[in-house]
């Protein structure tokens, strides 16, 4: 069962692998979202019922939001459901529309490259510091940025392969 719709050509082994990776990203992000909701419930209960606020919840929530956002963003690149404004491009005549699709995918690859390299630098520079109240390395906040960058590049390369084979993602 696939959670994410795919717009890719024949379901070859690479497409199935990338579908699975994106599916895992969404499962992990979904589980983290459930955990985020649960710990905020604990925060409210602790604050208003027990009159003892669990201070670790806010830092854990910040960490979870970063992971949820980047994993969901990477999966969105694969399913082409990420934030994009493509209606203008898709209204253009085909001779203009096709090169614009290439430019858009290449732009995501460039962005993914910067996410990866800057995420790595950020993780490396902050690894020795600890997140207050959690006691884990601050670099854990940057790791999802690297993962998203790597997956965005991988997914976009697959999109480029589709474009090179003449597969029009809007006609599926």
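The values are calculated or read from the model by the stated rules, or taken from the named source; none is laboratory data. What you see is a predicted model; the values in this text were computed from it and never measured. No Cβ is skipped: glycine too gets one built from the backbone with ideal geometry, and neighbour counts run over all protein chains shown.
Quick rundown of the values:
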| quantity | calculated |
| --- | --- |
| Residue match in the stretch 70-77 (condition: out of contact with any strand residue (DSSP E or B) (no Cβ under 9 Å at 6 or more places or on another chain), surrounded by fewer than 13 Cβ atoms within 10 Å (Cβ to Cβ) and without any contact (Cβ under 8 Å) to a residue 24 or more places away in the chain) | no |
| Residue in the stretch 69-80 that is at pLDDT 90 or above, over 30 Å from residue 104 (Cα atoms) and out of contact with any helix residue (DSSP H, G or I) (no Cβ under 7 Å at 6 or more places or on another chain) present | no |
| Every pair of residues 6+ apart whose Cβ atoms lie under 9 Å, when the first sits in the stretch 112-138 and is free of Cβ contacts under 8 Å to residues at least 60 places away in the same chain and on the phi > 0 side of the Ramachandran plot while the second is surrounded by fewer than 14 Cβ atoms within 10 Å (Cβ to Cβ) and part of a strand (DSSP E or B) | none |
| One residue from 107, 41, 46 being loosely packed, with under 15 Cβ neighbours inside 10 Å, without any contact (Cβ under 8 Å) to a residue 12 or more places away in the chain and over 22 Å from the mean Cα position of the chain (by Cα) | 41 |
| Candidates 67, 102, filtered to the one that is touching a residue at least 24 places away in the same chain (Cβ under 8 Å), within 17 Å of the chain's Cα centre (by Cα) and either farther than 17 Å from residue 154 by Cβ or assigned to a helix (DSSP H, G or I) (or both) | 67 |
